[in-house]
Amino acid sequence: MAGKTIVVTSGKGGVGKTTTVANIGTALAKRKYSVVMIDADIGLRNLDVVMGLENRIVYNLVDIIEGKCRKQQAMIRDRKFANLFIIPAAQTREKTAVKPEQMKELCAELASEFDYIFIDCPAGIEQGFKNAIAGAETAVVVTTPEVSAIRDADRVIGLLEADSLKDIHLIINRLNHRMVKKGDMMSTEDIISLLAVPLLGVVPESDEVVVSTNRGTPLALDRGSKAGLAFQQIAARLNGDNVPLDTAQKVTLVDRVKRFIWS
Amino acid sequence: MDSHDGKTEAGNLGDAPPLQIKANRQGFTLVPAPTAPFEALVGYLEKRFSESRDFFRRAEMTLDLRERPLRTDEIALLHRLLVDRGQVRLVEVKLGEDLALVMDRPSERQPFVPRVSPRPRPDHAALVIHNTCRSGMRVVSDTDCVVLGDVNPGAEVIAVGNVIVFGNLRGVAHAGAGGDRSARIWALSIEPSQLRIADLVAVPPRGGKPAAKRYEIAEIQDNLIEVITLKG
């Protein structure tokens, strides 16, 4: 069966696309699926850094497209999982080095060899975006609960729908439950009522993400992390498993004790 | 070759345009340079109008001839040129410090109206959009426009007739884009970034979360855009 090609996009920069790709890819690889992650952010690559594989880059995406190397030469195997690969972007080239048709061709070839192909889309809606969505059949839009990110996500969803990419899912990243309760941050319901696409999952705000990025070990491997767990559940839902969404906020032991004292 | 009141022209005298177009709150003032030949004035005007036709359309202009007197036939030619080619309203010609020729009654300032056919055709069916208008989407209709869905912030719906939204209006809606002030905007809930009817613009009051499911109409009352809520 051909693999699924999924593009992770957002419009706005810095909302967590690369982190999402790294974590979902890792989570699926942990479950023994064969996964390749393509960094389509030519010129500003960071998927390699987040995965801790930046020292192993010899060839990159543009080299494959230009025929300077075979696909296998550019694919870098992950340190922990033998079934997880990344194809890094070129740092010294620009987005115009690749055309949408070429991306489509590459993704079609990879679909016969892998279960999952993830494309880490660059920010924006120009050439880089068009390249990234060309080969994909599914899109995961990442947004944070702030007006500017949601405005951009809405625009991107409109562009995806216009490009006939109708299988669109949403991830709300960096949700701070305390702020939502206080009314300082938009809630999940507010966001979905505006964007109107099915919710794949909510990832809570977490300091651990920065630490894991610096170390190059995705959070999905950390059992104790709430954000890591959220990514694992998202990966499971993407795979078709029935993992119910966490609508009520998990109350911790400390909160329970506080309520008892103050009631 | 110098001006009488000592005004200096920016840049090289040889490069200065034969006619300065100055903008102020009432409209534009054309000031021909004191020594510019008449043909240069005409040529310059024609060039400006062909380059930026829409910008000057329906603008009100004053011709300031205090520094550079013109003969009456030259004034008439310029007048025809302004009205026919530029679709400008020449309101006044200043002949001297205290002497001015009033050509047309100046009206209230008319702000720029977007490029939509100004002929409303009530016999034509409305344009119906069958999905939500997402950010960045622009819909233009020369009759009414019905949106079966929301209009998200960043989207624009422009109609010469009415705008009807079967959902939340959160973007920009412009009804009566051709100048029809009796046009209305209807929506299940109006929480727009901007409302425009004909030549009036309204911005919603800041703050406050809007109430749940209601039915609202925006129309012009007393020269202002008012929003009326009808509970469903």
³J(HN,Hα) computed for each position of segment A:164-181 - Karplus, 6.51 cos²θ - 1.76 cosθ + 1.60, integer Hz, glycine/proline x
6, 9, 9, 8, 10, 10, 10, 10, 9, 9, 6, 7, 10, 4, 4, 5, 5, 5
Cβ-based net charge around B:Gln194, under 12 Å, with every Lys or Arg adding one and every Asp or Glu removing one:
0
Which FRET efficiency, nearest 0.05, do B:Ala36 and B:Asp222 yield, Cβ-Cβ r, R0 60 Å?
0.80
P(r) tail for segment A:1-104, what percent of Cα pairs lie past 24 Å?
19 percent
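State in Å² the accessible area per residue of chain A; use a 1.4 Å probe, count heavy atoms of protein chains only, and round to the nearest integer.
In whole numbers, chain A has 48 Å² accessible per residue.
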How big is D, in µm² s⁻¹, for segment A:47-108 by Stokes-Einstein at 4 °C and 1.567 mPa s if Rh is the Kirkwood radius over C-alpha pairs?
106 µm²/s
Quick one, what does Rg over Rh come out to for chain A if you take C-alpha atoms and the Kirkwood Rh?
0.98
From most to least accessible, 1.4 Å probe, no ligand or DNA/RNA atoms counted, A:Tyr116, B:Tyr44, A:Tyr59 line up as A:Tyr59, B:Tyr44, A:Tyr116
Quick query: amide H of B:Thr143 versus all other amide H atoms, modeled in the peptide plane; which residues come in under 5 Å with a sequence gap of 5 or more or a different chain?
B:Leu127, B:Val160, B:Gly161
Collect residues whose amide H, placed 1.01 Å from N in the peptide plane, falls under 5 Å from the amide H of A:Lys4; neighbours closer than 5 in sequence don't count.
A:Tyr116, A:Ile117
So what does A:Leu175 come to for accessible area, using a 1.4 Å probe and Å² rounded to 10?
10 Å²
Measuring from its Cα centre, chain A shows a charge dipole (+1 at each Lys and Arg Cβ, -1 at each Asp and Glu Cβ) which, in debye to the nearest 20, is 840 debye
Residues with amide H under 5 Å from that of A:Arg174, placed H, sequence gap 5 or more:
A:Val203, A:Glu205
Using only C-alpha atoms and all pairs of different ones, pull out the Kirkwood radius for the protein assembly as shown in Å with one decimal.
27.3 Å
Assigned charges on the beta-carbon of Lys, Arg, Asp, Glu; segment A:1-146 dipole about Cα centre (debye)
380 debye
Apportionment of accessible area to carbon and sulfur, the protein assembly as shown, percent (1.4 Å):
51 percent
Enumerate the calculated ³J(HN,Hα) couplings along segment B:149-154 in order (Karplus 6.51 cos²θ - 1.76 cosθ + 1.60, θ = phi - 60°), each rounded to whole Hz, writing x wherever the residue is Gly or Pro.
x, 8, 10, 6, x, x
Return the calculated 222 nm mean residue ellipticity for the protein assembly as shown, to the nearest 500 deg cm²/dmol, obtained by summing -39500 (n - 2.57) across DSSP H runs with n ≥ 4 and dividing by the residue count.
-8000 deg cm²/dmol
Candidates A:Phe118, A:Phe81, A:Phe129; GNM for chain A (alpha-carbon contacts under 10 Å) flags as most fluctuating A:Phe81
Just to confirm a number: summing +1 for Lys and Arg and -1 for Asp and Glu over residues other than B:Leu101 whose beta-carbon lies under 10 angstrom from that of B:Leu101, what do you get?
0
With A:Glu146 itself left out, Lys, Arg at +1 and Asp, Glu at -1 over residues whose Cβ is under 14 Å from its Cβ give -2
Could you put B:Ile197, B:Ile217 in order of accessible surface area, largest first, with the 1.4 Å probe and the full protein assembly present?
B:Ile217, B:Ile197
Using +1 at the C-beta of Lys and Arg and -1 at the C-beta of Asp and Glu, which of A:Ala236, A:Leu106, A:Ser164 has the Cα lying farthest in the positive direction of the dipole of the protein assembly as shown?
A:Ala236
Any idea how far apart B:Arg138 and B:Arg85 come out in nm if each label point goes 7 Å out from Cα toward Cβ?
2.8 nm
Rounded to the nearest 10 Å², the accessible area of A:Leu44 using a 1.4 Å probe with every protein chain kept is 110 Å²
Shielding by partners for A:195-208, please: the mean number of other protein chain Cβ atoms within 10 Å of each residue's Cβ.
1
Considering every residue in B:128-135, what mean count of other chain Cβ atoms within 10 Å of its Cβ is obtained?
5
Using alpha carbons only, what's the Rg to Rh ratio of segment A:117-207 with Rh from Kirkwood?
0.98
List the accessible area buried at the contact between A and B, summed over both sides and calculated with a 1.4 Å probe, in Å² to the nearest 100.
800 Å²
Step by step: find N for segment A:1-58, compute 2.2 N^0.38 Å, then divide the Cα radius of gyration by it. What's the final number?
1.18
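Ignoring ligands, DNA and RNA, how do A:Met51, A:Met185 rank by accessible area with a 1.4 Å probe, largest first?
If we order A:Met51, A:Met185 from most to least accessible, we get A:Met185, A:Met51.
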Quick one: 3J(HN,Hα) in Hz for segment A:10-26, Karplus 6.51/-1.76/1.60 with θ = phi - 60°, rounded, Gly and Pro as x.
7, x, 6, x, x, 8, x, 5, 5, 4, 4, 4, 4, 6, 5, x, 5
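The values are calculated or read from the model by the stated rules, or taken from the named source; none is laboratory data. Please read all numbers here as calculations on a predicted model, not as lab measurements. Methodologically, a virtual Cβ is constructed for each residue, glycine included, from the backbone with ideal geometry; neighbour enumeration extends over all protein chains shown. Surface accessibility is based on the protein's heavy atoms, side chains included, excluding ligands, DNA and RNA. Shrake-Rupley method; radii C 1.70, N 1.55, O 1.52, S 1.80 Å.
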